[in-house]
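The values are calculated or read from the model by the stated rules, or taken from the named source; none is laboratory data. Predicted model, so just to flag it, every value in this text is computed and none were measured. Cβ placement follows ideal geometry from the backbone for every residue including glycine, while neighbour counts extend to all protein chains displayed.
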Amino acid sequence: MLEENWFYEALTETYLPLLAHFTTLLDDRVPFRLTLSLSPTLCSMFSDVLLQERYLWHLGKLIRLAEKEIDRTARHPEFSKTAKMYYDRFSECRRLYEEVYARDLVAAFRGFQDRGVLEIITCSATHAFLPNMQSSERAVRAQISVSADAYRRFFGCDPKGFWLPECGYYPGLETILDKEDFRYFFVDTHGLLFADPRPDYGVFAPVICKEAPVAAFGRDAESSRSVWSADEGYPGHPSYREFYRDIGFDLDIDYLRPHIDPLGIRIQTGIKYYRVTDRKSPDKKPYERLEALRIADEHAGDFLSNRGQQIRRLAPLMDRPPLIVAPYDAELFGHWWYEGPEWLNFLIRKIAFEQDTLSLVTASDYLERHPENQRSEPSFSSWGEGGFSKMWLHESNDWIYRHLSRMEELMTESARRYPEAEGLARRALNQMARELMLAESSDWAFIMKSGTMVNYAVRRTREHIANFLRLHEDMNKNTLEEDLVAYLESCNNIFPEIDYRVYA
Amino acid sequence: MVAEYRHQILNAFEKQMATKKRRVFSAASRRTDSHPHPVKSVSPPLRPDTGKLSAAAKPLLHHEPPPVPRRPVRHELPAMYNETYLRVLPRDPYSLFTYWEIPGDTVSKTVPENTEASSPALLRLYEVAARGGRKPREKPVSDIPVGKQIFSQYIRVPEPGHRYRLEYGTASSGRFVALCSSNEVAVPAAQVQKPSGKKRAQADTKKLIDFSARSLAIAAPPSDFTADMLETPVPGAGQLMTGYPGLTYGT
């Protein structure tokens, strides 16, 4: 339920607003090119019929709650406008989701790729942090291969780029990406900066990996900081909406009960009435949408101005146009930073019409224009805290790796031992592959380290490990039971087309 | 055109909403709270750990599951797998994480009969190669005593960017007897590589690297690490057991 809620929040606050902006940009004939990573798990959720129905049900509850809020705040004009805004936005989400996109957001995003404004890339099958799997090449290969297959099914073409989950790279990963015909990936700044040999252009051009002809692009730290920095980043501006003040936690539980979890567990509703005001103070002032949008417009101008200065500073130092790679978590836009989609919209329009110093390109565009690049080996790196693995390799979560590596060994052994399994055995082996991939998700280790929802992450990890070991034991003892396999298939039904032989 | 689009797109999302027919509300609805939004002194947590999930709150992508099977899965995990292995993962430029399992029969088959039962267990760290360099003869760089009931450890390494491996073994009469060897891993580099002298592009590489590094925050040196997660320095650590056949020790 909680994961479903996070998914619904992302739909309402990020993905539908982004799609709406892309639509109006095209309607207004604004040229743009963006790269968007849609993970196989997210695409699976977009396509899941049950989740589609539940999202509409969830939106219905939100709309009824917003109606109640309009009444509740009627005598308080400083809040009632915002309540009305939520009602309008939730209703618009429902209209877009049902009438415009017919519940199929994979098709909606695919449409923008087909029209040449988006380049959709993918990541590892279950967002596994690949550096911590490097002792099992087959397991890494399976994560990448299953992801590429899923992409082909969802988007009807081969993926060109690969988003390394958490920007997690280790030397040698490119050979596995090359086998699946990926042409590029992204690393964090120091991943490219510490490359061997040193990169001729710093992070302002890609390198081609030494071990395989795959390009590595490095994140630009300066443009990243202007958005991500806790102290200086745009999302912390006093006029923007305050994320942490949600009526799901502030109002009476009986009032909220019909709109939240049936057991009365408080959740983020998405209805928030305050602006950041002062990040260090709990005293908050009411949110004013128009003022927030004015600031978003200003920040888009500031971002563009800084990038222009950056380009003018860099261009004389290079014999080719400098490239600034500015990747952001999609859910930053709208979910964490409520005005983020509008900022992006303003920025794209300013780039198109208010300057001629820079243009938006995708990594593929760049490689077409500049096919010759320096050969170098990027350095092990991630964009997690500290820049390496310590978020996913810590005393709170390191216990999982003993189990994961054993599962990876057993999966490979089983795939080789039963190369032509049929019927129930085949279903069991496929389910073992699903349980393994789900256990490998980096989210569990991350949650264990970050300290919130720890019980849930531990339980999910243990469940997937135990499910796998039980299926393996039953396979070996020839005691497989159809009801157990069917139950697990139903519980963890990601990648219905998976073929366990990807581990052979 | 620029001025025109500003008016058109103040907020594209809201513009779409403005085009549709909006609902008119009844003012007769019951108000539940005279104060629009009570203020709390502390912001709520981002992802509250409620500790209790609905029985229906099973993982995402659930369709209605069939009945629970006759022999459901028990979620107790084995503490050990009764297999012999020693694995290493790089953690950052200065440390590794290693975990292992050495069942009793591996010990009895490998360790000479006259070895004392109380012989200390050791992890021996080998430097296998420098980054990007030719593979030199590997050399052991430190011995780390480990308790026999310990099965994982964080290990400090001397050189960022180098390749390492470990052996688990025991010390017997001043000799190191290896029971298990790990995979090799490279720890990350911690700095920009020195110029190679080969000029490939017309570029001011020094300035470009300076610009690239601006705002960059990377891992701090080892003092930043939590001390209790790394091996505790013990007398003798860093010194190698003598008499191990086949190796010439570095100094």
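Worth a mention:
- The residue of segment B:150-161 that is nearest to B:Arg124 (Cα to Cα), among those that are more than 12 Å from chain A (Cβ to nearest Cβ) and part of a loop (DSSP other than H, G, I, E, B), is B:Val157.
- Of A:Trp383, A:Trp343, A:Trp392, all but one fail to be aromatic (Phe, Trp, Tyr) and part of a helix (DSSP H, G or I); the exception is A:Trp343.
- Residues in segment A:263-275 that are away from every other protein chain (no Cβ under 11 Å) and either in a loop (DSSP other than H, G, I, E, B) or surrounded by fewer than 21 Cβ atoms within 10 Å (Cβ to Cβ) (or both): A:Thr269, A:Gly270.
- For A:Ser490: the one exception among (1) modelled with pLDDT under 95; (2) under 22 Å from the mean Cα position of the chain (by Cα); (3) of a type outside the set (A, V, I, L, M); (4) part of a helix (DSSP H, G or I): (2)
- Any pair with Cβ under 8 angstrom, 6 or more apart, that starts in segment A:221-242 at a residue that is of a type in the set (Val, Ile, Thr) and ends at one that is in a helix (DSSP H, G or I): A:Val227/A:Tyr234; A:Val227/A:Pro235; A:Val227/A:Phe303; A:Val227/A:Leu332
- Count - residues of segment B:163-187 that are in contact with a Gly (Cβ under 9 Å, 6 or more places away or on another chain) and within 12 Å of chain A (Cβ to nearest Cβ): 2
- Those residues of segment A:151-180 which are aliphatic (A, V, I, L, M) and within 16 Å of the chain's Cα centre (by Cα), in sequence order: A:Leu164
- Filtered by the rule that a residue be surrounded by 14 or more Cβ atoms within 10 Å (Cβ to Cβ), assigned to a loop (DSSP other than H, G, I, E, B) and facing another protein chain (nearest Cβ under 8 Å), segment A:243-262 gives A:Phe243, A:Tyr244, A:Arg245, A:Asp246, A:Leu251, A:Asp261.
- A:Ala107 facing another protein chain (nearest Cβ under 9 Å) and surrounded by fewer than 20 Cβ atoms within 10 Å (Cβ to Cβ): no
- If you check A:Asp88, A:Asp71 for being modelled with pLDDT of 95 or more, out of contact with any helix residue (DSSP H, G or I) (no Cβ under 8 Å at 6 or more places or on another chain) and farther than 30 Å from A:Gln143 by Cα, only one passes: A:Asp71.
- On inspection, B:Ile209 passes the criterion of being within 7 Å of chain A (Cβ to nearest Cβ), touching a residue at least 12 places away in the same chain (Cβ under 8 Å) and among the β-branched types (Val, Ile, Thr).
- Condition check for A:Ala107: in the same structural domain as A:Tyr15 (by TED's automatic domain parsing) and over 29 Å from A:Glu166 (Cβ atoms): no
- Residue within segment A:54-68 that is part of a helix (DSSP H, G or I) and farther than 21 Å from A:Arg95 by Cβ present: no
- Residue in segment A:362-372 that is part of a loop (DSSP other than H, G, I, E, B) and within 30 Å of A:His21 (Cβ to Cβ) present: yes
- Note on segment A:461-479: residues that are more than 7 Å from chain B (Cβ to nearest Cβ) and surrounded by 17 or more Cβ atoms within 10 Å (Cβ to Cβ) amount to 8.
- Considered as a group, the residues in segment A:6-30 that are in a helix (DSSP H, G or I) and aliphatic (A, V, I, L, M) include one that is nearest to A:Gly248 (Cα to Cα), and that residue is A:Ala10.
- The condition of being touching a Leu at 6+ places or on another chain (Cβ under 8 Å), small (Gly, Ala, Ser) and touching a residue at least 24 places away in the same chain (Cβ under 8 Å) holds for A:Ala421.
- Of all residues in segment A:37-54 being surrounded by 23 or more Cβ atoms within 10 Å (Cβ to Cβ) and within 14 Å of A:Pro159 (Cα to Cα), the one that is farthest from the other protein chains (Cβ to nearest Cβ): A:Leu38
- Test: residue in segment A:120-129 that is over 19 Å from the mean Cα position of the chain (by Cα), of a type in the set (Gly, Ala, Ser) and not assigned by TED's automatic domain parsing to the domain that holds A:Val100: no
- All positions within segment A:429-474 that are of a type in the set (Ser, Thr, Tyr) and part of a helix (DSSP H, G or I): A:Ser442, A:Ser450, A:Tyr456, A:Thr461
- Residue, farthest from A:Ser490 (Cα to Cα), within segment B:72-106, restricted to residues that are among the hydrophobic types (A, V, I, L, M, F, W, C) and within 12 Å of the chain's Cα centre (by Cα): B:Leu96
- Flag for A:Val100 being more than 30 Å from A:Arg434 (Cα to Cα), surrounded by fewer than 19 Cβ atoms within 10 Å (Cβ to Cβ) and β-branched (Val, Ile, Thr): yes
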